[in-house]
Amino acid sequence: IFDNFAVDSSAEYDVENGSNFTETYRAMSSNGLEIKSSSDVLVTKKLKNLKLGTGNYKLKVQILPLKNITREAGIIIAGDPTYDNTYYVCCLELDASQPNGGDKSKVKLLKFNQNAGSEGSYGVDGYGEYGYGADGSEVVAASKTIEAVSGGIYNIDCDYNNEERSFKIYFYSVFDNKPTTPTLTYVGDETFEYGNVGLFVRSSSVGIGNVDVVFWEMEVTDSMIY
């Protein structure tokens, strides 16, 4: 599965969250989808009809805003086709205290489950703080602090194995080679096995241009269509 957003592929996706955002298929480098909103804090889109499990999930992404807000963008894995906000997300987070990005940035594995009650301790970046959704919950399954900047283009490269319940996430600049060891490894979750793949964008508050992310490429390999 490959989408470099060189042409308008919006008809292939279901919009799950977000009611007032723009999608611009950029001419730069002949590809790239910019999602931008001044009134949404969460935009998610899931690729229609395809349910995928074990495989390599790769996203080339760029978070643009230079603001004192938390900014997140990433790839949805094993998205439930029936329930919104029910999936894993491998994402980059830029910290609110660093408008230009910096050494407080994080690579995170999130788990959303609309049908689950509140579970775990969410802290300042948790579900309650953002205040979206209905009965769902959000758990930060794993997180690692890294160096990343606003406007930087990065690969989020996740090896997901639903038989072993494992995630190996590699995070690196598009100008660097893929690391030999994962940036973040997580083993043990048994919530979701397979589902839709998609795009995830979130900001911690509403504001002009607070949601502004470019997705350059999304690719899934070594997987099976269920």
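Per-structure values
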item	result
Which listed residue, of VAL140, VAL211, VAL201, is without any contact (Cβ under 8 Å) to a residue 60 or more places away in the chain, within 14 Å of the chain's Cα centre (by Cα) and either over 17 Å from LEU52 (Cβ atoms) or open to solvent by 60 Å² or more (accessible area, probe 1.4 Å) (or both)	VAL140
Residue that is surrounded by the most Cβ atoms within 10 Å (Cβ to Cβ) [pool: residues in the stretch 21-43 that are of a type outside the set (Gly, Ala, Ser) and farther than 24 Å from ALA96 by Cβ]	LEU33
So GLY79, is it over 19 Å from THR185 (Cα atoms), under 15 Å from the mean Cα position of the chain (by Cα) and not hydrophobic (A, V, I, L, M, F, W, C)	yes
Answer residue from the stretch 1-17, given it is in a loop (DSSP other than H, G, I, E, B) and touching a residue at least 60 places away in the same chain (Cβ under 8 Å) and is surrounded by the most Cβ atoms within 10 Å (Cβ to Cβ) among those	PHE5
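Conditions (1) at pLDDT below 95; (2) among the acidic types (Asp, Glu); (3) surrounded by 20 or more Cβ atoms within 10 Å (Cβ to Cβ), marked per residue:
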| site | (1), (2), (3) |
| --- | --- |
| LYS45 | no, no, yes |
| LEU50 | yes, no, no |
| ASP84 | yes, yes, no |
| SER97 | no, no, no |
| ASP103 | no, yes, no |
| PHE112 | yes, no, yes |
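The values are calculated or read from the model by the stated rules, or taken from the named source; none is laboratory data. Keep in mind it's a predicted model, so treat the numbers as computed, not measured. Positions of Cβ are backbone-derived with ideal geometry, glycine not excepted, and every protein chain shown enters the neighbour counts. Only protein heavy atoms, including side chains, enter the accessible area calculation; ligands, DNA and RNA are left aside. Shrake-Rupley method; radii C 1.70, N 1.55, O 1.52, S 1.80 Å.
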